[in-house]
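Here's the structure, in structure tokens; my notes come after.
The values are calculated or read from the model by the stated rules, or taken from the named source; none is laboratory data. Computed from a predicted structure; not experimentally measured. Neighbour counts run over all protein chains shown; Cβ positions are idealised from the backbone, glycine included.
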Amino acid sequence: MATAPEPAPETFEAAAAALAAAGAESRSVRILGAGTKVGWGFPTPQADLELHTTNLNRIVEHNAGDLTAVLEAGVPLAQAQRRFASEGQMLALDPALGPDSAATIGGVIATGDSGPLRHRYGAPRDLVVGTTVALSDGTIARSGGKVIKNVAGYDLGKLFAGSFGTLGMILAVSVRLHPVPVATGTALGSSDDPDLLGTAARALAAAPFELEALDVSWNAGHGTIMARSGGAEAVRRSTRVAALMRDLRLRPVDVEIDDAEIWERQRAAQRSERRALVRLAARPSLLSAVLHAAEACGGTVVGRAALGSSFVALDPDAVVTLREGLPAGTVAAVLDGPAELRGQLAPWGTPDGGALELMRRLKARFDPAGACNPGLFVGGI
Amino acid sequence: MPSGASELTSRLRKICGSEHVLSHAHDLATYRSDGLSHYQQTPVAAALPGTSEQVQQVVRACFEAGVPWVARGAGTGLSGGALPIADGVLVVLSRLRRILSVDLDDARVIVEPGVTNLSVSRAVAPTHFYPPDPSSQIVCSIGGNVAENSGGAHCFKYGFTTNYVTALEVVLSDGTVAQLDRDAPGYDLLGAFVGSEGTLGVATKIALRVIPAPESIRTLLAFFEDTGGAGEAVSAIVDAGIVPGAIEMMDRLSIKAAEQATGAGYRLDAGAALIVELDGPREECTSRLEQLMELCSRTGALDVRLALSDEERDLIWRTRKAAFAAMGRIAPAYYVQDGVIPRTRLSEVLRTIDTLAAEYRLQVANVFHAGDGNLHPLVCYDSAREGEPERAEELSALIVKACVDAGGSITGEHGVGVDKKAYMPSMFSEADLEAFQRLRCAFDPHGLANPGKVMPTPRLCGEVPGPYREHPLERAGIAERF
């Protein structure tokens, strides 16, 4: 008879043993970090066991000279960032961190969440250089390493990033760090015309400004594009960005040097407590169509203007209308929202049939017991 | 030759046209190896399909005949990843070389796998470029880059192939097609596929992200007494928060060989040369350049030169990129390694390599991507001298071990292929390898796509354990399997 597994294991071995015990007994396990995104995906019945990463909370390494770090999954991202900042570095991941900024590195990576810095630095999958995971048969497996360049073996880090804990439990990750820019400046340009914003976003994205972030916001008929420069010459560069914004007929145009709050607002608007929050992935050139569709449903938008990644907050009742109004090929995932809505609406959208078949095979290979976060992911995986 | 081979070959001829299927030994000579020519193997046949549909039919025919196959691009790989299988078919993608679309509004280019790396940048110049730039970029193909997750000199700042592929059409080993898209809901199948060395399937259409070309590029060449001094300069640059487009280092022996090849004026009395390239917005480059020159002087540079024209910049780079080929001037043959180390361990690992080289009485030239700690030690030998190739191979293995011991990797960009698969257990445990195998089996349960590569020992895929169980959500009618 197996002993009752610890709900918040302190070691990799204990976590793997807890998963294995559940797997062997056909019990379902809900893997959790701080639980800030626990409502995303298909609603699922109460799991037989909750397994928390809370006690896997060590910053194992911060190799400042190598621009890398090794973090256990339960480390709050905000805490890791403070440590990196003390050496002038950052993990270039800035999603909304939830109440008390509690989001953990494991949770951010497992959900593939990101923020405005994605423009320059990519998503979690682009910053993870190594992963240690526990599988439901008790295996502890590592992939990648802790150097920023490495092609040895398969990239399981990318497979687990954004897998919502359905393949296994992320125990620790190695990540690539970047220097914090010595100075920043943000140019902001506004318009009430979605088409003009779309055109301006394309022109700004194609200009050689090497921006840290290029975002858009849209709220009640009024939109703004914000472009952040980072580096020793950030202010002069922002002035140049602002000049292009004026040429593109954005009005008014400003440069903000004390710009942290602007970006905090963008991050915060990626979540919605009271309304539904739909994350869109569209071709970047379709930005104006996305803004029109959101406006037609009374939605507000923040997003990455050059990447086609947008977050629309709107009334839950309007989600169906939004999906219908979006350009063909747009992926619209319902993240925040009432369980009822997520249960009815196929929250993830519809994947390619061939791809879904591969996903099912992966799930069967990595989690043959079907123990890990069953039912919440794409296609009910 | 396995039974049924001639039947398969005639089926391949029907699919691709007779002239595009080679099965005579003399026609297959070109295809016996990739860029790592000491591994050679003649396949049963080489098929050169002309469309993605033909690729699919070729793979399907192999599947039905139970014959393994290997996909090959331009054959420039340096790990034997495209080494044919004696009883298998080689699927050569060099006829699929159309650029299907260039869409700068979405910063996307869609290409067939046989398109060369450099022609992607050319297709979007002068406003944009495609950052991954392996030294072989004039000839190497994008399909091969996807298989190997290729890097290049500029990946310290810009990242690797995997950071630029946005979608793939892939043919799986049973001949079915899947669309893998970064934006699609679900697992990051694309991320798993890129860099899988042709073992998960073959890409037939590739969508790439391109980015705006930098406004300003400043290239600097600095010479140092030794690699230790150059290494200190690299540390000072990184510690100052500067992220150059490229930081490349060459040691005395590689300078000598490359200089003989190009006559670029590299200093032959220097123990190390450092190429540092800043790119980006012009204000930033100007301000960083000043800082950079000061850092080089402060860390003991003998000489710091700034490229004043495009021609001077080209010459600096041509010399760096000539280093591998020029090594023929030093020795008749060499093994090239591709180990990675945490950059801060550079001096220590180079000292280890020096000690080992002396012990093995062999010359080792070092060329490397210093920003990300990716070493390319070239172990020189002469096959005509008895025992030297064996000594070189042994020394090569010890250098890889030194990289892993320092917390690094056996390969940074060349891939595992056949060449480094024996080193895999030095980096990964049996449980890790077994987890890799789960991924491989999910994509290719019959083991037909490039078997014998990457994994140190042959493995089969078992059936997926466990019976089908109805999910609680299915019972509740919330979700269905489809």
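Here A:Ala141 meets each of (1) more than 18 Å from the chain's Cα centre (by Cα); (2) part of a loop (DSSP other than H, G, I, E, B); (3) buried (at least 24 other Cβ atoms within 10 Å of the Cβ); (4) not aromatic (Phe, Trp, Tyr) with one exception, condition (2).
The single condition from (1) touching a Gly at 6+ places or on another chain (Cβ under 7 Å); (2) crowded, with 19+ Cβ neighbours inside 10 Å that B:Gly300 fails is (2). Scanning segment A:259-278 for residues that are charged (D, E, K, R) and either surrounded by fewer than 19 Cβ atoms within 10 Å (Cβ to Cβ) or touching an Asp or Glu at 6+ places or on another chain (Cβ under 9 Å) (or both) yields A:Glu261, A:Glu264, A:Arg265, A:Arg267, A:Arg271, A:Glu273, A:Arg274, A:Arg275. Any chance segment B:407-427 includes a residue that's hydrophobic (A, V, I, L, M, F, W, C), surrounded by 21 or more Cβ atoms within 10 Å (Cβ to Cβ), within 7 Å of chain A (Cβ to nearest Cβ) and in contact with a strand residue (DSSP E or B) (Cβ under 7 Å, 6 or more places away or on another chain)? Yes, that holds for at least one residue. Each residue in segment B:276-303 was checked for being assigned to a helix (DSSP H, G or I) and of a type in the set (Val, Ile, Thr), and 1 pass.
Being facing chain B (nearest Cβ under 9 Å), in contact with a strand residue (DSSP E or B) (Cβ under 9 Å, 6 or more places away or on another chain) and of a type in the set (Ser, Thr, Tyr) holds for only one residue in A:Ser136, A:Ser143, and it is A:Ser143. For segment B:252-266, check the following and say yes or no: at least one residue is more than 30 Å from B:Ala333 (Cβ to Cβ), among the charged types (D, E, K, R) and either without any contact (Cβ under 8 Å) to a residue 40 or more places away in the chain or assigned to a loop (DSSP other than H, G, I, E, B) (or both). No. Need at least 1 residues that are among the aliphatic types (A, V, I, L, M) and surrounded by 18 or more Cβ atoms within 10 Å (Cβ to Cβ) per element, so show me which strands (runs of 3 or more DSSP E) inside segment A:37-107 make the cut, counting only ones lying wholly within it. In segment A:37-107, A:49-52, A:68-72 are the strands (runs of 3 or more DSSP E) which contain 1 or more residues that are among the aliphatic types (A, V, I, L, M) and surrounded by 18 or more Cβ atoms within 10 Å (Cβ to Cβ).
Set side by side, the residues B:Ala273, B:Ala222 differ, and just one is touching a Cys at 6+ places or on another chain (Cβ under 9 Å), assigned to a strand (DSSP E or B), farther than 30 Å from B:Asp106 by Cβ and away from every other protein chain (no Cβ under 13 Å), which is B:Ala222. Residues of segment A:356-377 that are more than 7 Å from every other protein chain (Cβ to nearest Cβ), touching a residue at least 12 places away in the same chain (Cβ under 8 Å) and more than 23 Å from the chain's Cα centre (by Cα): A:Asp367, A:Ala371. Here A:Leu51 fulfils each of the conditions (1) under 26 Å from A:Arg267 (Cα atoms); (2) within 22 Å of the chain's Cα centre (by Cα) apart from (1). In segment A:106-163, the qualifying residues are those that are among the β-branched types (Val, Ile, Thr) and out of contact with any Phe, Trp or Tyr (no Cβ under 7 Å at 6 or more places or on another chain), and the one that is nearest to A:Glu13 (Cα to Cα) is A:Thr139.
Among residues of segment A:33-45 that are within 12 Å of A:Thr111 (Cα to Cα), those with a beta-carbon under 6 Å from a residue that is among the small types (Gly, Ala, Ser) at least six positions away or on a different chain give the pairs A:Gly33/A:Gly106; A:Gly33/A:Gly107; A:Thr36/A:Gly98; A:Thr36/A:Ala102; A:Thr36/A:Ala103. Looking at segment B:191-206, which of its residues are over 15 Å from the mean Cα position of the chain (by Cα) and more than 11 Å from chain A (Cβ to nearest Cβ)? B:Val202, B:Ala203, B:Thr204, B:Lys205, B:Ile206 - these are the residues of segment B:191-206 that are over 15 Å from the mean Cα position of the chain (by Cα) and more than 11 Å from chain A (Cβ to nearest Cβ). Screening B:Ala402 with (1) away from chain A (no Cβ under 12 Å); (2) at pLDDT below 95 gives one miss only, at (2). Taking the criterion of being of a type in the set (Gly, Ala, Ser), more than 30 Å from A:Trp348 (Cβ to Cβ), out of contact with any Lys or Arg (no Cβ under 6 Å at 6 or more places or on another chain) and part of a loop (DSSP other than H, G, I, E, B), would at least one residue in segment A:1-15 satisfy it? Among the residues of segment A:1-15, at least one is of a type in the set (Gly, Ala, Ser), more than 30 Å from A:Trp348 (Cβ to Cβ), out of contact with any Lys or Arg (no Cβ under 6 Å at 6 or more places or on another chain) and part of a loop (DSSP other than H, G, I, E, B), which makes the answer yes.
In the list B:Ala123, B:Ala82, which residue meets the criterion of being away from chain A (no Cβ under 14 Å), within 28 Å of B:Phe324 (Cβ to Cβ), touching a residue at least 24 places away in the same chain (Cβ under 8 Å) and more than 14 Å from the chain's Cα centre (by Cα)? That would be B:Ala123, the only listed residue that is away from chain A (no Cβ under 14 Å), within 28 Å of B:Phe324 (Cβ to Cβ), touching a residue at least 24 places away in the same chain (Cβ under 8 Å) and more than 14 Å from the chain's Cα centre (by Cα). Being in contact (Cβ under 8 Å) with a residue 24 or more places away in the chain and within 25 Å of A:Gly153 (Cβ to Cβ) is a property that does not hold for B:Leu104. For segment B:235-270, filtered to residues that are touching a strand residue (DSSP E or B) at 6+ places or on another chain (Cβ under 6 Å) and within 11 Å of chain A (Cβ to nearest Cβ), the residue that is farthest from B:Arg343 (Cα to Cα) is B:Gly245. Scanning for something within 29 Å of A:Thr239 (Cβ to Cβ), modelled with pLDDT of 95 or more and buried (at least 22 other Cβ atoms within 10 Å of the Cβ), does segment B:265-276 turn up at least one residue? Yes, because at least one residue in segment B:265-276 is within 29 Å of A:Thr239 (Cβ to Cβ), modelled with pLDDT of 95 or more and buried (at least 22 other Cβ atoms within 10 Å of the Cβ). Of everything listed in (1) over 15 Å from A:Ile105 (Cβ atoms); (2) within 9 Å of another protein chain (Cβ to nearest Cβ); (3) surrounded by fewer than 24 Cβ atoms within 10 Å (Cβ to Cβ), the single unmet condition for A:Asp192 is (2). The criterion of at least 2 residues that are farther than 23 Å from B:Gly447 by Cβ and among the small types (Gly, Ala, Ser) is met by the following helices (runs of 4 or more DSSP H) wholly inside segment B:43-155: B:117-124.
Against the definition (at the interface with chain B (Cβ under 7 Å from one of its Cβ atoms), surrounded by fewer than 22 Cβ atoms within 10 Å (Cβ to Cβ) and under 27 Å from A:Ala276 (Cβ atoms)), how does A:Gly343 come out, yes or no? So A:Gly343 passes the test. Does B:Val21 satisfy the condition of being in contact with a Lys or Arg (Cβ under 6 Å, 6 or more places away or on another chain), modelled with pLDDT of 95 or more and farther than 26 Å from B:Phe193 by Cβ? Judged against the criteria, B:Val21 is a match. Residues of segment A:312-340 that are surrounded by fewer than 17 Cβ atoms within 10 Å (Cβ to Cβ) and in contact with a Gly (Cβ under 8 Å, 6 or more places away or on another chain): A:Asp315, A:Ala339. Is at least one residue of segment A:316-333 more than 14 Å from chain B (Cβ to nearest Cβ) and not in a helix (DSSP H, G or I)? No, there is no match, as no residue in segment A:316-333 is more than 14 Å from chain B (Cβ to nearest Cβ) and not in a helix (DSSP H, G or I). When residues in segment B:285-298 are screened for being touching a strand residue (DSSP E or B) at 6+ places or on another chain (Cβ under 9 Å) and in contact (Cβ under 8 Å) with a residue 12 or more places away in the chain, 7 of them pass.
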